[in-house]
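What follows is one structure encoded as structure tokens, with my remarks underneath.
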Amino acid sequence: MSRVNPALAVLASLSLGLAGCGGGGGGSTPAPVTTPTTTGVYTAPAAESLSVADVQKVIAQAVAEAQARGTPAVISVTDRVGNVLAVYSMIGAPATVTIRGNAGQAPLDLQGHQVPTTLAAIAKAITGAYLSSGGNAFSSRTASEIVQETFPPQPATVGLGSGPLFGVQFSQLPCSDLAYPALVSGKPIGPKPSPLGLSADPGGFPLYKNGVVVGGVGVKATTDYGLDPDVTANNPAQVSEEAIALAGTVGFDAPAGIRADQITAGGQSLIYTVATTAILKSTPASAPALSSLSTSVGSLVSVPLFFGGAVVAGQAYGTEASGVRPAKAAEFNNPDAYVLSDGSSNNRYPVKAGTDSPAGASALTATEVNSLLQNAFSTMSNARAQIRNPLNSRAQVTISVVDTNGVALGVVRSPDAPVFGIDVSLQKARTANFFSHPSAASDLTNNSDPGTATPSLSRKADLAAFVTAVRGFLGVPAALTGQTAFSTRSVAGLARPLFPDGQVSGPSGPLSRPTAQWSPFATGVQTALVDTNLLNAVAAIEGVAGAPAPAARCGYLPDAAAGQNRMQNGAQIFAGGEPIYRNGILVGAIGVSGDGTSQDDMIGFLGIDGAHSAVGSVGNAPSAIRADQLLINQGGGTNRVLYVQCPVSPFLNSSVQDACAGK
């Protein structure tokens, strides 16, 4: 008898078509509208965007505050999908920043590298835009709080678990097959990458018009590119950067009711900013126009591959020109679905069959992929959101499915899901597939990474060492050869600097850097996989002579298929990705990102279970091979890693509590 999943009471509206909702062609931007559109059960955001005058006003207001403080800065503005609309450098602002390392430790991965200040400012602006939506407004200070090894980061919380988005900073990378810098010709349009990934350095905010997120502003004025390691001790330099950026948001501020300080994670209120308009030293509304500022103040500066040097208008999210638009009925038959588009009305990731030949099993069919996405989308549509206001809003996420080669077989999202989840959902799917794949150990061992000049380190040997570490830690000599199913929650547990998560007396996880060496810029296997190509991409963005264009891959793993490795856009180490099996054999994975890690977990896990009920041929990993069946004699006792963790009272239309039990 087939099982009935209580989360999958599919709404009648989910079978409706989308005639006339496919978006325009030719890359033109439709005239903005002021009223949102109701589709199935969601309300799509209005098509608002930043005009050239808007961008100039944001820059001018930030410059006036920086002048009032005597703190010359670099200021950047982006739109919601990451297009860089302006970069302004004040006279006296630092030309470069140094990525913070750990005191007394030799630098690892990205630690200690100098990068242009313009890239830090862009990263902060993209962070504010990408982490925010119509239901939540997060700043780069919010990001700082949720990516560290303890949450919230402060001396009194040592021993607690890591931040809920631990590792998200290594997403949106410029070495990727998903996102390409705007000025790389012949590549798809938005979403765009960040030159340094997401930023945990305070001084980045989202920008809103009529309650709709339309972009972000980022400010960098010091030579230290880091984070806030103690939320109870405010660094004056960071507060000054934050105040300059906050001045830029005046008139474009996030609605008060959805700012991070109105949202909780794990019972803890988040932080939006420690700067307030009361501490501003200027009057933003009276700031001199950008056009009136002389070159003795500063000027717009070009950034290779990202910004051409003249202010441009932003794209309205949801239009063809933004690269994210409503799906056509033929693309994904759901009135709430959005897809990625190429600017010519073509879906970049249409539902398709697997490209692989899993040993002992047939590849995923297009029908199965569609069922996986439809069932996950239905679970999302009935789920209670974690990081959205008002309370009892529906969850909004991006969902990706990949085959065992890591090829994307379909990507869909809800109308107002945060943009960061597009890349992260694909990272999660690929991470769950990779670590569950029979070739994981071989791929890590046989990588061809040449390493970087600084630090002097053989990256090839460094990556291979993680295989030995995992096998010793788990006590399984053949680990990472396909006998264990790893979700991204499982990988996350092994990638924390403290194991079990937060336990200070325990060892470091085998996929993490040792505790003393760990930082958000040197997390372990996640950073080791990407830092060479990431730094090569930064060199290209700097305009270094002879530097190649950013690669369409972040790592040097062996190809699973021609031009395709299993971790093409990097790894992700927080929950929301699960492998997919056919008769006990791995055939792919699903990744979900956008609305809280437990919600992400549940949507993917129940999406697979719902597809099993619907088509019968695919399902979740057999219970006996899931990573939570491994007993680990580390950390002062016998422990397990987790596999999936579903939220309490997860559904808006059901009293079901333990929705993932027994599946």
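The values are calculated or read from the model by the stated rules, or taken from the named source; none is laboratory data. What you see is a predicted model, and the numbers here were worked out from it, not measured in a lab. Cβ atoms come from the backbone with ideal geometry, glycine included; neighbour counts cover every protein chain shown.
Can you find, within region 554-589, the residue that is nearest to Leu373 (Cα to Cα) among those that are touching a Pro at 6+ places or on another chain (Cβ under 8 Å) and among the hydrophobic types (A, V, I, L, M, F, W, C)? Don't jump to the end; show me each part of the working.
Residues of region 554-589 touching a Pro at 6+ places or on another chain (Cβ under 8 Å): 556, 565, 574, 581-582, 584-589.
After this cut, where a residue has to be among the hydrophobic types (A, V, I, L, M, F, W, C) as well, the list is 574, 585-587, 589.
Working: Phe574: 20, Ile585: 20, Leu586: 18, Val587: 15, Ala589: 11 Å.
It comes out as Ala589.
When you go through Ala432, Ala441 one by one, which is the residue that is modelled with pLDDT of 95 or more, surrounded by 18 or more Cβ atoms within 10 Å (Cβ to Cβ) and over 23 Å from the mean Cα position of the chain (by Cα)? Lay out the reasoning, then the answer.
Numbers: Ala432 fails: over 23 Å from the mean Cα position of the chain (by Cα).
The match here is Ala441.
Of all residues in region 169-186, none are under 20 Å from the mean Cα position of the chain (by Cα), assigned to a strand (DSSP E or B) and either modelled with pLDDT of 95 or more or surrounded by 24 or more Cβ atoms within 10 Å (Cβ to Cβ) (or both).
Listed here are the residues, each with its yes/no results for (1) without any contact (Cβ under 8 Å) to a residue 12 or more places away in the chain; (2) surrounded by fewer than 24 Cβ atoms within 10 Å (Cβ to Cβ); (3) assigned by TED's automatic domain parsing to the domain that holds Leu373.
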site: Ala549; (1), (2), (3): no, yes, no
site: Gly555; (1), (2), (3): no, no, no
site: Gln564; (1), (2), (3): no, yes, no
site: Gln634; (1), (2), (3): no, yes, yes
site: Pro647; (1), (2), (3): no, yes, no
site: Pro650; (1), (2), (3): no, no, no
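Here Val63 clears all of (1) out of contact with any Asp or Glu (no Cβ under 9 Å at 6 or more places or on another chain); (2) assigned to a loop (DSSP other than H, G, I, E, B) except the condition numbered (2).
At pLDDT 95 or above, of a type outside the set (Val, Ile, Thr) and not in a helix (DSSP H, G or I): is that true of Gly421 in this structure? Step through it out loud before you land on a result.
Values: at pLDDT 95 or above: yes; of a type outside the set (Val, Ile, Thr): yes; not in a helix (DSSP H, G or I): no.
So Gly421 does not fit the description; no.
The number of residues in region 170-209 that are in contact with a Pro (Cβ under 9 Å, 6 or more places away or on another chain) and over 23 Å from Ala547 (Cβ atoms) comes to 3. The strands (runs of 3 or more DSSP E) found wholly in region 293-343 and carrying at least 3 residues that are surrounded by fewer than 24 Cβ atoms within 10 Å (Cβ to Cβ) occupy 298-300.
Using the structure shown, decide if Thr127 is touching a helix residue (DSSP H, G or I) at 6+ places or on another chain (Cβ under 7 Å) and in a helix (DSSP H, G or I). Against the criterion (touching a helix residue (DSSP H, G or I) at 6+ places or on another chain (Cβ under 7 Å) and in a helix (DSSP H, G or I)), Thr127 qualifies.
Check region 289-302 and report whether any residue there is more than 27 Å from Gln564 (Cβ to Cβ), touching a Cys at 6+ places or on another chain (Cβ under 8 Å), touching a residue at least 24 places away in the same chain (Cβ under 8 Å) and of a type outside the set (Asp, Glu). Talk me through it step by step, then tell me what you get.
Residues of region 289-302 more than 27 Å from Gln564 (Cβ to Cβ): 289-302.
Cutting the leftovers down to touching a Cys at 6+ places or on another chain (Cβ under 8 Å) gives us none.
Within region 289-302, none of the residues are more than 27 Å from Gln564 (Cβ to Cβ), touching a Cys at 6+ places or on another chain (Cβ under 8 Å), touching a residue at least 24 places away in the same chain (Cβ under 8 Å) and of a type outside the set (Asp, Glu).
Determine if region 391-403 includes at least one residue that is closer than 21 Å to Leu652 by Cα, surrounded by fewer than 24 Cβ atoms within 10 Å (Cβ to Cβ) and either touching a helix residue (DSSP H, G or I) at 6+ places or on another chain (Cβ under 9 Å) or of a type in the set (Ser, Thr, Tyr) (or both). Reasoning before the result, please.
Of region 391-403, the ones closer than 21 Å to Leu652 by Cα are 391-399.
If we keep only those that are surrounded by fewer than 24 Cβ atoms within 10 Å (Cβ to Cβ) as well, we get 391-394.
The next check asks that each one be either touching a helix residue (DSSP H, G or I) at 6+ places or on another chain (Cβ under 9 Å) or of a type in the set (Ser, Thr, Tyr) (or both); those that pass are 393-394.
The answer is yes, given that some residue of region 391-403 is closer than 21 Å to Leu652 by Cα, surrounded by fewer than 24 Cβ atoms within 10 Å (Cβ to Cβ) and either touching a helix residue (DSSP H, G or I) at 6+ places or on another chain (Cβ under 9 Å) or of a type in the set (Ser, Thr, Tyr) (or both).
Within region 464-497, restricting attention to residues that are among the polar types (S, T, N, Q) and either outside any helix (DSSP H, G or I) or in contact (Cβ under 8 Å) with a residue 12 or more places away in the chain (or both), which residue is surrounded by the fewest Cβ atoms within 10 Å (Cβ to Cβ)?
Once the filter is applied, the top-ranked residue is Gln483.
Is it true that some residue in region 573-595 is of a type in the set (S, T, N, Q) and at pLDDT 95 or above? Yes, some residue in region 573-595 is of a type in the set (S, T, N, Q) and at pLDDT 95 or above.
So, in region 139-156, of the ones that are hydrophobic (A, V, I, L, M, F, W, C) and over 13 Å from the mean Cα position of the chain (by Cα), which residue ends up nearest to Ile75 (Cα to Cα)?
In this case the residue turns out to be Phe151.
For region 111-130, check the following and say yes or no: at least one residue is under 19 Å from Thr523 (Cβ atoms), surrounded by fewer than 21 Cβ atoms within 10 Å (Cβ to Cβ) and free of Cβ contacts under 8 Å to residues at least 60 places away in the same chain. No: region 111-130 contains no residue that is under 19 Å from Thr523 (Cβ atoms), surrounded by fewer than 21 Cβ atoms within 10 Å (Cβ to Cβ) and free of Cβ contacts under 8 Å to residues at least 60 places away in the same chain. Scanning region 351-402 for residues that are in a helix (DSSP H, G or I) and farther than 22 Å from Val41 by Cα gives Ala366, Thr367, Glu368, Val369.
Results for (1) in contact with an Asp or Glu (Cβ under 9 Å, 6 or more places away or on another chain); (2) of a type in the set (Ser, Thr, Tyr); (3) at pLDDT 95 or above, shown as yes or no for each residue.
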| residue | (1), (2), (3) |
| --- | --- |
| Ser76 | no, yes, yes |
| Pro116 | yes, no, yes |
| Ala123 | yes, no, yes |
| Gln154 | yes, no, no |
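Under the condition of being in a helix (DSSP H, G or I) and out of contact with any strand residue (DSSP E or B) (no Cβ under 6 Å at 6 or more places or on another chain), the residues counted in region 130-149 number 7.
Residues that are buried (at least 24 other Cβ atoms within 10 Å of the Cβ), in contact with a Cys (Cβ under 7 Å, 6 or more places away or on another chain) and assigned to a helix (DSSP H, G or I) within region 566-605 comprise Asp601, Met602, Phe605, listed in sequence order.
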